[in-house]
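Here's the structure, in structure tokens; my notes come after.
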Amino acid sequence: MGNYDDIINLPHHVSKRHPQMSMWSRAAQFAPFSALTGYGDAIKTSAQENEKNYEQPNDDQDYFDQQSYDGDGYEQSGYNGDDY
């Protein structure tokens with residue numbers, strides 16, 4: 001005998017004392033809410049300000065100019081071919 005075999009086929013209970021809640025009220029009861037009013041707007045404003053202040057390099061060439069590579073594409077101070 002399973003856990004709910006004694007109640008699984010019983011008819012759905014409808015209260016005579018309390019009116020049934022409308023679908024709209026039920027949806028509003030379980031809808032997400034904003035506990036911190038205005039927090040989302042503050043985050044968006046902060047992100048926009050940070051994007052304005054961030055200096056992005058012109059292109060990736062600046063990074064590669066700082067690296068030293070030999071003709072095979074390996075960093076000179078790294079792989080020498082005998083490491084395996």
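Starting from residues that are open to solvent by less than 100 Å² (accessible area, probe 1.4 Å) and polar (S, T, N, Q), keep the ones in region 15-30 and report whichever is modelled with the lowest pLDDT.
That would be S25.
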Any residue at all in region 63-71 that's open to solvent by 100 Å² or more (accessible area, probe 1.4 Å), part of a loop (DSSP other than H, G, I, E, B) and modelled with pLDDT under 85?
no
Practice task
Return yes or no: is L36 at pLDDT below 90 and open to solvent by 100 Å² or more (accessible area, probe 1.4 Å)?
Solution key: yes
Picked from region 53-62 (must be part of a loop (DSSP other than H, G, I, E, B) and open to solvent by 100 Å² or more (accessible area, probe 1.4 Å)), the residue modelled with the highest pLDDT is Y54
Per the filter on region 1-52, residues assigned to a loop (DSSP other than H, G, I, E, B) and of a type in the set (A, V, I, L, M, F, W, C) are M1, I7, I8, L10, V14, M21, A31, F33, A35, L36
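The values are calculated or read from the model by the stated rules, or taken from the named source; none is laboratory data. Given the structure is predicted, the values throughout are model-derived calculations rather than measurements. Side chains included, ligands, DNA and RNA excluded: accessible areas come from the protein's heavy atoms. Shrake-Rupley method; radii C 1.70, N 1.55, O 1.52, S 1.80 Å.
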